[in-house]
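The values are calculated or read from the model by the stated rules, or taken from the named source; none is laboratory data. As the structure is a computational prediction, the values presented were derived from the model and not from experiment. Ideal geometry is used to build each Cβ from the backbone, glycine not excepted, and the neighbour counts take in all protein chains shown. SASA here: full protein model, heavy atoms, side chains in, ligands and nucleic acids out. Shrake-Rupley method; radii C 1.70, N 1.55, O 1.52, S 1.80 Å.
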Amino acid sequence: MTRRISKAALASLLGGALLLTGCGGSGGGGRTAADHSAKNRGAPATGGAPDAARPSGAPEAPERLSTFALDVDTASYGYARRSLAEGRLPDPAEVRPEEFVNSFRPDYPRPKDNGFSVTLDGARSDADGWSLVRVGLATRPSDGERPPAHLTFVVDVSGSMGEPGRLDLVKESLGLLADRLRDDDSLALVSFSDEAEIRLPMTRVGGHRERIHDVVDGLAVSSSTNVEAGVRTGYDVAVEGRRKGATNRVVLLSDALANTGDTDAAGILERIDKERRTYGITLFGVGVGSEYGDAFMEKLADKGDGHTTYVGTPEQARKVFVDQLPGHVELRARDAKAQVAFDPATVRSFRLVGYENREVANEDFRDDRVDGGEVGAGHTVTALYAVRLKPGAHGKVATATVRWLDPATRAPHERSGVVDTAALTAPLWGDGHDSLQLTAIAAYFADRLSGGTVPGAPALSSLAARAGSLAERAGSASVRELAEAIRQADGLGGSGDPYAG
């Protein structure tokens with residue numbers, strides 16, 4: 001069960017996902033667990049200093065394991081909201097439930113060190129015999145002592161970017177960012193249409209803000225979209241301007257509608273992977289536009305150990321580039337993975353909501369050559385499971401372990417936690433579960449849009465009402481936006497629920 005949190009805390013902590021550092025590679029969303037014994041439900045299993053890598057011990061039964069790399073992407077939710085606001089349902093193939101869930105920040109306790117806190121809670125769902133188990137992790141926020149940032153911005157100036165809400169929004173965002181970066185940060189800018197052009201080599205921000213503004217103001221739309229040329233040139237600039245000890249990152253801003261050069265991403269992915277492995281340069285993809293190449297952008301960011309987000313309004317752009325990007329450039333973990341082991345004595349079956357393209361083979365959990373996710377300062381990652389308990393089950397339900405590499409030394413660390421049946425006795429929609437309810441609403445909503453059948457998922461009309469009530473209790477604009485998106489989806493399907501099977 002979750003503890004009740006105050007209106008002020010809910011409003012501030014559930015407002016939206018942190019968007020700067022990424023995850024990617026061949027895995028997906030992170031999981032961890034807190035010790036939720038009947039005596040100590042809700043307490044995080046943070047422990048002391050991170051443990052050294054543990055031997056794997058006796059193998060778990062494969063069907064009882066769920067393994068994935070951590071994921072903090074949020075683009076799917078942002079683009080779905082844009083589609084619904086324009087009166088069309090999103091493509092089910094582009095709806096990724098984990099990105100809906102991770103667009104909100106649960107009030108998980110934060111660790112005192114540079115590792116993870118681990119928290120797990122749950123409740124009974126409306127489906128007979130089924131419960132929800134939420135596994136979450138969080139990193140310590142930045143203390144202002146971050147390393148310098150070396151950021152290479154790769155900006156799409158193709159003809160399609162001339163639509164309102166595309167290049168104009170990008171230019172406004174970059175101008176605001178230039179005023180917020182520190183003097184010891186550095187910035188480079190590459191534009192691309194049919195070819196790529198270096199507009200600004202890696203330049204120290206201090207003493208050059210006016211020059212940066214002039215370059216940004218001079219961006220104008222051109223012809224076709226050669227993403228390959230832009231990314232290739234961007235990484236050339238990033239490699240040349242990289243600095244040891246700094247955060248080196250490429251930020252791609254595009255509608256990702258590639259129509260020139262390598263348009264299937266294969267060659268681009270190879271280059272990104274090489275630079276990631278050799279120099280540790282990660283990719284952050286920012287999508288814009290009413291027509292957006294979501295799958296293309298996600299593939300690029302995943303291969304580049306980065307993540308994606310989507311901006312459709314000046315408010316969203318300000319949140320990404322002004323409120324979040326400058327203050328959260330430091331990494332807390334590299335190649336982070338999680339593994340949840342369900343106890344066969346108490347669990348009949350389980351289902352992870354989302355993370356299909358973030359799966360990691362169970363046997364690769366402790367193979368540090370296998371890519372995981374990159375997680376930065378102040379991030380939270382959440383996963384939601386539908387769990388069917390055995391009749392009369394009592395005792396441990398699951399053990400969750402998160403494993404990561406120290407960004408500086410690449411030394412491996414792990415933390416674990418457990419949850420038992422006593423944590424799953426209260427009803428989901430009862431009092432005192434606001435944070436868990438928000439996670440469930442986001443997951444259920446995405447599951448409906450993607451055509452899934454998570455046990456206990458309410459109709460869209462019911463979800464909209466519950467989200468509206470939660471928004472009123474929290475005073476949260478972000479939750480009000482979620483409620484409105486659910487209402488729009490319900491309306492597009494007529495008076496009934498178009499996704500009910």
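Details
- Residue within the stretch 26-35 that is of a type in the set (Val, Ile, Thr) and either open to solvent by 20 Å² or more (accessible area, probe 1.4 Å) or at pLDDT 90 or above (or both) present: no
- Condition check for Val375: among the aliphatic types (A, V, I, L, M), farther than 20 Å from Ala333 by Cβ, touching a residue at least 40 places away in the same chain (Cβ under 8 Å) and assigned to a strand (DSSP E or B): no
- Residue within the stretch 220-235 that is open to solvent by less than 10 Å² (accessible area, probe 1.4 Å) and polar (S, T, N, Q) present: yes
- Residues located in the stretch 117-133, provided they are within 21 Å of Val418 (Cα to Cα) and either within 16 Å of the chain's Cα centre (by Cα) or among the aliphatic types (A, V, I, L, M) (or both): Val118, Leu120, Ala123, Leu132, Val133
- Listed by first and then second residue, the pairs with beta-carbon distance under 8 Å, at least 6 apart or on different chains, first residue in the stretch 78-107 and within 28 Å of Pro141 (Cα to Cα), second in a helix (DSSP H, G or I) and aromatic (Phe, Trp, Tyr), are Glu99/Tyr77; Phe100/Tyr77; Phe100/Phe445; Ser103/Tyr77.
- Hits in the stretch 177-193 (condition: surrounded by fewer than 18 Cβ atoms within 10 Å (Cβ to Cβ) and either in contact with a helix residue (DSSP H, G or I) (Cβ under 8 Å, 6 or more places away or on another chain) or of a type in the set (A, V, I, L, M, F, W, C) (or both)): Asp179, Arg180
- Output for the stretch 232-246, where each listed residue is in contact with a strand residue (DSSP E or B) (Cβ under 6 Å, 6 or more places away or on another chain) and among the aliphatic types (A, V, I, L, M): Val237, Ala238, Ala246
- For Arg64: the one exception among (1) surrounded by fewer than 24 Cβ atoms within 10 Å (Cβ to Cβ); (2) under 30 Å from Leu174 (Cα atoms): (2)
- Residue check for Leu120: buried (at least 24 other Cβ atoms within 10 Å of the Cβ) and either more than 20 Å from Gly312 (Cβ to Cβ) or of a type in the set (Asp, Glu) (or both): yes
- The residue pairs whose first member lies in the stretch 464-475 and is under 20 Å from Gly491 (Cβ atoms), whose second member is part of a helix (DSSP H, G or I) and small (Gly, Ala, Ser), and whose beta carbons are closer than 6 Å, counting only pairs six or more residues apart or on different chains, are Ala464/Ala483; Ala467/Ala483; Gly468/Ala483; Ala471/Ala483.
- Restricting the stretch 451-463 to residues that are outside any loop (DSSP other than H, G, I, E, B) and either touching a Lys or Arg at 6+ places or on another chain (Cβ under 9 Å) or of a type in the set (Asp, Glu) (or both), the residue that is most open to solvent (accessible area, probe 1.4 Å) is Ser461.
- Scanning the stretch 407-444 for residues that are outside any loop (DSSP other than H, G, I, E, B) and of a type in the set (Asp, Glu) yields Glu414, Asp420, Asp434.
- When Ala408 is tested against the conditions (1) of a type outside the set (Asp, Glu); (2) touching a residue at least 12 places away in the same chain (Cβ under 8 Å); (3) over 24 Å from Ser103 (Cβ atoms); (4) open to solvent by 30 Å² or more (accessible area, probe 1.4 Å), the lone failure is (2).
- For the stretch 145-176, filtering for residues that are of a type outside the set (A, V, I, L, M), touching a residue at least 60 places away in the same chain (Cβ under 8 Å) and open to solvent by 10 Å² or more (accessible area, probe 1.4 Å) leaves 9.
- Residue count, the stretch 330-368 (criterion: more than 30 Å from Glu291 (Cβ to Cβ) and not in a strand (DSSP E or B)): 14
- Screening the candidates Arg448, Arg487, Arg466 for the property of being over 21 Å from Val381 (Cα atoms), under 21 Å from the mean Cα position of the chain (by Cα), not in a strand (DSSP E or B) and not aliphatic (A, V, I, L, M) yields one hit, Arg448.
- Restricting the stretch 351-375 to residues that are open to solvent by 30 Å² or more (accessible area, probe 1.4 Å) and within 16 Å of Glu98 (Cβ to Cβ), the residue that is farthest from the chain's Cα centre (by Cα): Arg351
- Index of the failed condition, Glu315 passing every other in (1) open to solvent by 20 Å² or more (accessible area, probe 1.4 Å); (2) in contact (Cβ under 8 Å) with a residue 12 or more places away in the chain: (2)
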